[in-house]
Each structure stands twice: as structure tokens, then as C-alpha cells.
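J.: Pasting in a structure now, in C-alpha cells, and then I'll have a few things to ask.
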Amino acid sequence: MRRDGVAHAVLGLGVLLFLLPVWLLVAGATQDAGQIARGGLSLIPNPAGLGIFWTALFFGGAAKAGYPVWHMLMVSFAMAMAIAVGKICISLLSAFAVVFFRFPLRKLAFWTIFLTLMLPVEVRIIPSYAVVSDLGLVNHFGGLTLPLIASATATLLFRQIFTALPDELVEAARLDGAGPLAFLWDIVIPVSRANIAALFVILFVYGWNQYLWPLLVASSPAYTTIVLGIVQLVSPEEMTPWNVIMATTVLALLPPVAVVVALQGAFVRGLTEVDK
């Protein structure tokens, strides 16, 4: 009982530490920007200032980026969806080929993919930008997403899932006359559904939080993501609208939180399931 009490106390402290910055954002968004700039941020929200969220959504950022916050949210959502779905599709097919097909240099191909995990994004960002520039995809939605839709980590995870499938299941599918695509669609994907959902949540948040890559390839205001938009709201020449920035940050939290909440059951199962 004492151990349970300590565990719950530590868990509660962790929850408070995570929620406090979010609460400060919500409270600060409802207060005057000048008051925040003078260091007078209060922990108590001002109900009269709740309209700032509407202002931030439809009018915030227009002067800086040329587009309102809702447009930036749509760009970020489309980018995160494209990255998450693209990574899952490519990694799923890559792992399927490595596990269930026998072709020359199969292991070399897998380990070549695996070795890319040793290279951080910052190392690959200059050659990636050069390729995107040569293809004419700078300031283009394809430039935002295509270089980020390959994932060695997801390929490795899918490979581990597929190798856990019993050989009897593969042989039964062959005896029933199932081709590779039918086996993939009817057996492999259904048994991997929870893992796919867990990966989707992780990859969606990864795509949503991208900053450095969109900063390089999206100088056009039409492709400004919400993360870039928040930074652009900070003004060195005039008083920074901190209340608008805080309201925009709260709005930027909502889509990834909604995805996590909607898929939390499958997310937990995908991280904990071992036996297939």
C-alpha cells in the first residue's frame, strides 16, 4: 500500500508538472499583453478575455505570415497526416518485403535502412534540401512532406511484428491460394492494426512538431506551419502580443491531443502487445 501511495504521489506530481505550463498558457491568453510583458502574468484566467481564442484563430498571425492561424493549422494538419500515413505505408511495405520475400541482398537492404538511424536529421538536411531544390519542390507541399515520409524506425518495428507471425499462418495462407497482396491485406494488416495505430499517433505528433525542415523549405506564407507561425508572431520592433501567442499555442495543442485521445486505446495496445 505504501508503495502504491508513493507511486501515485509521483504520478500526480508528474501530471502537475506537465499541466502547469498548459495552465499558464490558458491563463495568460486571457490577460492583457502589456501586463504579461511587465511580468504580471496571473495564474487565474480572466473570463472576459476568452474571446482572444477566436481572435487568434481567425485574425492572429495575418500581419506576420499573411495568413490567419486557422490556415497554419490546416497546413500543419495536412503535413502531419501526409508524413504519418506515408511513413506507415512505406515502412509497412518495406518490412513486408524484407520478411516474406526471398531476394538477393535482402539482409543488406534491411541493414542499409537500419544504418540510417545512425544519422540525425541535421546531418541529412543539407543534401535533402539540395534534392528538393533540384526537383523544384521548395515552397511546395511535396517539399514539406516527401523527404520525411521514409522511416527506418517504423520499418524496424514492423519487421519485428511480422517476424513474430507464426509460420503456420503463412503456410495456411499459401495453401488457401492467397497471393502476397491478399496475405498482406487480409492477415498482416489486421493483426498489426494496434501497432499501426500506435505508430500513427507517434508519427503524427512528429510531423506536427516539425520546425527546422519547414523553416528551410517553406519561406512562402502559404506553407507556413503553426509552429513557424507562433515564432513569427514574436515581434522585435513592437510590443509582442503575448496573449495572442499563448492563445495560438493552446490552439496548436488541440489537434495532436485530439489524435492521442481518439486513438489512446489502440495506442496502449500497440505499445504493450507482444503475442499475435
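J.: May I ask you to list the residues in the range 111-161 that are on the phi > 0 side of the Ramachandran plot and small (G, A, S)? Walk me through how you get there before you give the answer.
T.: Initially, the range 111-161 is screened for residues on the phi > 0 side of the Ramachandran plot, giving 136, 139.
Within the range 111-161, just G136 meets the criteria.
J.: Out of (1) in contact with a helix residue (DSSP H, G or I) (Cβ under 9 Å, 6 or more places away or on another chain); (2) loosely packed, with under 10 Cβ neighbours inside 10 Å; (3) among the hydrophobic types (A, V, I, L, M, F, W, C), the odd one out for L17 is which?
T.: (1)
J.: Filter the range 238-267 down to the residues that are outside any helix (DSSP H, G or I) and either within 14 Å of the chain's Cα centre (by Cα) or of a type outside the set (V, I, T) (or both) and list them by number.
T.: E238, M239, P241, L263
J.: A further question on this structure: When the residues of the range 120-159 are filtered to those that are among the polar types (S, T, N, Q) and within 26 Å of L93 (Cα to Cα), which remaining residue is farthest from the chain's Cα centre (by Cα)? Please lay out each step first, then the result.
T.: Applying the first criterion (among the polar types (S, T, N, Q)) to the range 120-159 yields 128, 133, 139, 145, 151, 153, 155.
Checking which are within 26 Å of L93 (Cα to Cα) leaves us with 128, 145, 151, 153, 155.
On the way: S128: 20, T145: 12, S151: 13, T153: 14, T155: 17 Å.
By that ranking, first place goes to S128.
J.: Test each condition in (1) outside the structural domain of V244 (by TED's automatic domain parsing); (2) without any contact (Cβ under 8 Å) to a residue 24 or more places away in the chain; (3) loosely packed, with under 14 Cβ neighbours inside 10 Å for W111 and report the one that comes out false.
T.: Looking at each condition in turn, W111 falls short on (1).
J.: Within the range 160-175, can you find the residues that are β-branched (V, I, T) and over 27 Å from the mean Cα position of the chain (by Cα)? Show your work before the answer.
T.: Narrowing the range 160-175 to residues β-branched (V, I, T): 161, 163, 170.
Once the filter is applied, which keeps residues that are β-branched (V, I, T) and over 27 Å from the mean Cα position of the chain (by Cα), the range 160-175 yields only V170.
J.: Within the range 121-140, how many residues are crowded, with 16+ Cβ neighbours inside 10 Å and under 21 Å from S151 (Cβ atoms)?
T.: Applying the first criterion (crowded, with 16+ Cβ neighbours inside 10 Å) to the range 121-140 yields 128-129, 132, 137-138, 140.
The next check asks that each one be under 21 Å from S151 (Cβ atoms); those that pass are 128-129, 132, 137.
So the count comes out to 4.
J.: Taking helices (runs of 4 or more DSSP H) that do not extend beyond the range 130-225, which have at least 1 residues that are over 30 Å from H71 (Cα atoms)? Before you say what the answer is, go through the steps one by one.
T.: Working: elements: 141-145, 152-163, 167-175, 180-183, 193-208, 212-217.
Fully inside the range 130-225 and qualifying: 152-163, 167-175, 180-183, 193-208.
J.: Could you go through the range 48-66 and let me know if any residue there is within 30 Å of S151 (Cβ to Cβ), basic (K, R) and touching a helix residue (DSSP H, G or I) at 6+ places or on another chain (Cβ under 8 Å).
T.: Looking only at the range 48-66, we keep the residues that are within 30 Å of S151 (Cβ to Cβ), and these are 65.
Next, only the ones that are basic (K, R) stay: none.
No.
J.: Let me ask something else about it. Where in the range 1-95 are there helices (runs of 4 or more DSSP H), lying wholly inside it, with at least 3 residues that are touching a residue at least 24 places away in the same chain (Cβ under 8 Å) and not β-branched (V, I, T)?
T.: On the way: elements: 2-29, 33-37, 52-58, 62-65.
Correct list: 2-29, 33-37, 52-58.
J.: Ok, one more. Which of the residues belonging to the range 96-105 are of a type in the set (F, W, Y) and free of Cβ contacts under 8 Å to residues at least 12 places away in the same chain? Outline the logic, then answer.
T.: Step one: filter the range 96-105 for residues of a type in the set (F, W, Y), giving 96, 100-101, 103.
Result: F103, single match.
The values are calculated or read from the model by the stated rules, or taken from the named source; none is laboratory data. All of these numbers come straight from a predicted model, not from anything done at the bench. So basically every Cβ, Gly included, is an ideal-geometry build from the backbone, and we count neighbours across all protein chains shown.
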